[in-house]
Structure formats: structure tokens, C-alpha cells
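J.: Encoded as C-alpha cells, here's the structure I'll be asking about.
The numbers here are math on the coordinates, done by the rules we state, and not lab data. The model shown is predicted, which means the values in this text are computed figures rather than measured ones. Positions of Cβ are backbone-derived with ideal geometry, glycine not excepted, and every protein chain shown enters the neighbour counts.
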Amino acid sequence: MAEIVVNETVVGEDASSARSGVWGTLAFWGLHGWVVAYCFVMLSAFFIQFVEGEFPCPLCMLQRYGMILSTLGALYVIMQARRGTLTTAGYAQGLGMGLIASIAGSSVSVRQILLHIKPGDSGYGAPVLGLHLYTWAFITFVIVMLYVGLMLMLMPRGIPVAPPVGAAARGLSTAIIWVFLGVIAANVIAIIFLEGFAGVLPDDPEGYNLIDQLTGR
Amino acid sequence: MILLLVIGLLIWRGASRGSVLALWVVGLVLMVGLFKYHVTSHLDLSF
């Protein structure tokens with residue numbers, strides 16, 4: 001019994017020393033960078049969808065699912081760090097969620113890249129900065145995988161530490177979280193309009209099914 | 001997608017680890033299921 005207590009003490013000291021210093025702060029804001037980056041990617045996809053009138057195909061939406069599922073891992077860690085309940089296990093769980101979702105999302109991206117890989121195929125949608133959106137999605141998933149690997153290498157030194165309650169940085173963290181939740185909510189509304197009463201997206205969507213179904217077009 | 005929003009809100013509200021992880025796994029399985037549903041054609045490629 002005494003031996004167990006000693007072991008717990010050692011782990012506790014290890015964890016508390018890991019929570020101090022610049023690494024913990026960098027890890028905390030690195031997770032926010034992850035959230036902000038995917039919010040930017042999905043808002044850019046909305047710009048292409050609503051402003052340029054290019055509708056997302058089922059594989060495009062599945063890649064958005066992958067991005068959101070992955071970012072939920074980052075959110076899971078951030079929220080525990082803010083509450084002061086983050087443990088090494090909790091951190092590893094969040095990183096694992098991000099990694100597994102990135103592998104799933106990148107599988108969808110690879111499928112879509114291979115669909116259009118043959119010479120003469122112009123691909124789905126207009127390219128952005130020379131690459132199609134699914135290729136960019138694949139690159140972002142690989143970046144997340146590399147980030148997770150790096151964070152695991154920094155363990156336990158890089159366990160995220162949140163700024164104290166009342167600090168301005170904490171308000172920024174809250175704002176970023178709400179933007180992310182807003183982006184998910186916007187995707188929920190968009191998918192309802194795209195699918196209509198069908199429940200699934202058509203292979204090559206050309207409009208908002210819900211509006212067409214309600215107006216009888 | 002609604003499930004993903006629910007998971008996000010549960011994480012924000014501080015729900016238990018078990019419920020968050022279980023729902024997240026359900027979301028992942030649904031995503032893989034949708035992927036399987038939408039992948040209907042065989043890729044005629046060889047490397």
C-alpha cells in the first residue's frame with residue numbers, strides 16, 4: 001500500500017512540474033491554433049459554397065466531419081486544461097481523438113484524390129492556390145498527425161496549461177471555442193438544407209434539396 | 001453533424017469523459033459508415 005502511495009506521489013510531482021513553464025503555455029495555444037486553423041478552413045469552404053456557388057459533394061462533407069471530429073479532440077483537452085482537471089491520460093485521449101479522426105478524414109481525401117488522379121480529369125470544383133480542396137484537406141490532416149506526434153514526444157513536459165481565470169487570454173480562448181461551436185452549428189444548418197428530406201447528399205449536388213422540396217421544384 | 005454539435009456542447013459543459021468518448025466513437029463509426037455508403041464505384045487504378 002505504501003509503495004502505491006509513493007508511486008502516486010512521484011507521478012503527481014512529475015505532472016505538477018510538467019504543468020509549469022513555457023511548454024505548457026505553448027501546448028495550450030498550439031491546440032487553439034489547431035481549432036483556429038480548421039475554423040478558417042471550414043469558413044473558407046463556406047465562402048466557396050455560398051459566394052462562389054460550388055456545392056460540397058458527399059466526400060467533401062465527410063472531410064468536414066473528419067476535421068470537426070479531429071478538432072473535438074483539441075477542444076476536449078482545452079476544456080479540461082481550463083477547468084484544471086487535465087491529466088496525462090486526458091491529454092493523451094484528446095490527442096488520440098485528433099489522430100484517429102485525421103486518419104479517417106485523410107482516407108476520404110485520398111479516395112477523392114484517386115477519383116480524379118487520371119490524366120485529363122479536371123477534378124471536382126475549382127482549384128485554390130493550384131490545388132483542389134480535397135488535396136488541401138489531405139495536407140491539413142497530415143499536419144494534424146505531425147502535430148499530435150510532436151506533442152506526444154514532448155510529454156509530459158508539454159501538458160497544456162490554461163491562463164488564470166479573469167486573464168484576457170482566457171477570454172480569447174473562450175471566443176475561439178465559441179467560433180468553433182458556431183462553425184459546427186453552421187455546418188448542421190448547411191447539411192440540413194443540402195440534404196433536405198433525403199437524409200443523404202446526392203453524388204453531385206446542384207442546389208439545396210430542402211428549398212427545392214419545400215417549393216416543389 | 002448534429003451529433004458532432006452535441007459532442008462539442010457536452011465537452012463545453014464538462015460532461016463525463018465516458019459519455020464524450022462514447023459519443024465521439026459513435027460519430028466516428030457513423031462517419032466511416034457514411035464513407036462506405038457513398039463509395040460505390042471501383043477505382044480502375046494500378047500502381
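J.: Working only within segment A:190-216, note down all residues that are in a helix (DSSP H, G or I) and exposed (fewer than 11 other Cβ atoms within 10 Å of the Cβ).
T.: A:215
J.: Could you tell me which residue of segment B:9-47 is nearest to the other protein chains (Cβ to nearest Cβ), considering only residues that are part of a loop (DSSP other than H, G, I, E, B) and more than 29 Å from residue A:112 (Cβ to Cβ)?
T.: Once the filter is applied, the top-ranked residue is B:14.
J.: Any idea which of (1) hydroxyl-bearing (Ser, Thr, Tyr); (2) away from chain B (no Cβ under 11 Å); (3) crowded, with 24+ Cβ neighbours inside 10 Å is the one residue A:76 doesn't satisfy?
T.: Answer for residue A:76: the failing condition is (2).
J.: When the residues of segment A:19-48 are filtered to those that are farther than 21 Å from residue A:148 by Cβ and among the hydrophobic types (A, V, I, L, M, F, W, C), which remaining residue is surrounded by the most Cβ atoms within 10 Å (Cβ to Cβ)?
T.: A:45
J.: Test each condition in (1) without any contact (Cβ under 8 Å) to a residue 40 or more places away in the chain; (2) touching an Asp or Glu at 6+ places or on another chain (Cβ under 9 Å); (3) aromatic (Phe, Trp, Tyr) for residue A:55 and report the one that comes out false.
T.: (1)
J.: Among the residues of segment A:53-66, is any touching a Gly at 6+ places or on another chain (Cβ under 7 Å), hydroxyl-bearing (Ser, Thr, Tyr) and surrounded by 23 or more Cβ atoms within 10 Å (Cβ to Cβ)?
T.: Scanning segment A:53-66, I find no residue that is touching a Gly at 6+ places or on another chain (Cβ under 7 Å), hydroxyl-bearing (Ser, Thr, Tyr) and surrounded by 23 or more Cβ atoms within 10 Å (Cβ to Cβ), so the answer is no.
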